[in-house]
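For reference, the structure is listed below as structure tokens.
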């Protein structure tokens, strides 16, 4: 347990560094940026705001002055929120009962605009302009939902539509880069899917050798959180990762 906490802390440090780099890069332009995060993270940065979830709360913090962060809103919700993922002007929140979409039209106070319910389960989520992917893990601790990859059409953010479900045993975190989707399957390995048709992923490869928990695609780098440490791959070829190094905890 202590080892896993150390690896998780290292993973969070990586996320924080990437978010900072992304924010610094965008601060030199006229538009705000969105921070980088994994699918299991409970906080993210978008523009001048940090958003964080606990089981029943969504918190918004103004960080335009890093020396004096200010909480601007606190929303109490009836469902169990687990993860948060930003894309452009939206937040995608995974909960134990569904996928929830928040508008950032007013960044200081996110507004719930769409949802798609599912059976009770653990639910990491990622998204882009047209599609959202969630991994549901049904077990005694998460709930009775069927374990697998759930694909949603989110072109209408007000009404996400479930397009397909791909059964997967014990999926955890996930990430995507261009036309590639990476799904962590714990001790089974890391599954790679072609998503040229985003609503019909096709499995292309399975990487084994580590207990994969979550991934962050960042440019041509795939950062993997595993039980054994942080593992880095070159993904210049999106569906053919090349091992770079392993960072022990």
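Details
- Test result for residue 210, closer than 19 Å to residue 38 by Cβ, modelled with pLDDT of 95 or more and out of contact with any helix residue (DSSP H, G or I) (no Cβ under 6 Å at 6 or more places or on another chain): no
- Among the residues making up segment 217-242, those that are touching a helix residue (DSSP H, G or I) at 6+ places or on another chain (Cβ under 7 Å), within 16 Å of residue 174 (Cα to Cα) and in a strand (DSSP E or B) are 218, 223, 225, 230.
- Subset tally (residues that are assigned to a strand (DSSP E or B) and within 21 Å of the chain's Cα centre (by Cα)) for segment 56-74: 5
- Residue within segment 57-65 that is exposed (fewer than 14 other Cβ atoms within 10 Å of the Cβ), in contact (Cβ under 8 Å) with a residue 24 or more places away in the chain and either touching a strand residue (DSSP E or B) at 6+ places or on another chain (Cβ under 7 Å) or within 24 Å of residue 117 (Cβ to Cβ) (or both) present: yes
- Look at (1) over 30 Å from residue 105 (Cβ atoms); (2) modelled with pLDDT of 95 or more; (3) in contact with a strand residue (DSSP E or B) (Cβ under 7 Å, 6 or more places away or on another chain) and you find that residue 181 fails only one, number (1).
- Counted residues, segment 31-55 - those being surrounded by fewer than 21 Cβ atoms within 10 Å (Cβ to Cβ), at pLDDT 90 or above and part of a strand (DSSP E or B): 2
- Restricted to segment 190-207, and to residues there that are loosely packed, with under 13 Cβ neighbours inside 10 Å and part of a strand (DSSP E or B), the residue that is modelled with the highest pLDDT is 202.
- Check on residue 163, farther than 26 Å from residue 186 by Cα, modelled with pLDDT of 90 or more and touching a strand residue (DSSP E or B) at 6+ places or on another chain (Cβ under 9 Å): no
- Looking across segment 179-189, just one residue is part of a loop (DSSP other than H, G, I, E, B) and closer than 16 Å to residue 151 by Cα, and that is 179.
- Positions within segment 183-192 being touching a residue at least 40 places away in the same chain (Cβ under 8 Å) and more than 24 Å from residue 44 (Cβ to Cβ), in sequence order: 192
- First in segment 198-221 and without any contact (Cβ under 8 Å) to a residue 12 or more places away in the chain, second anywhere and part of a strand (DSSP E or B) and surrounded by 15 or more Cβ atoms within 10 Å (Cβ to Cβ), Cβ under 7 Å, 6 or more apart: 202/193; 202/194
- Filter pass, residue 126 being at pLDDT 90 or above and surrounded by fewer than 17 Cβ atoms within 10 Å (Cβ to Cβ): no
The values are calculated or read from the model by the stated rules, or taken from the named source; none is laboratory data. From a predicted model like this one, the values you see are computed outputs, not experimental measurements. Glycine gets a Cβ as well: all are built from the backbone with ideal geometry, and neighbour counts include every protein chain shown.
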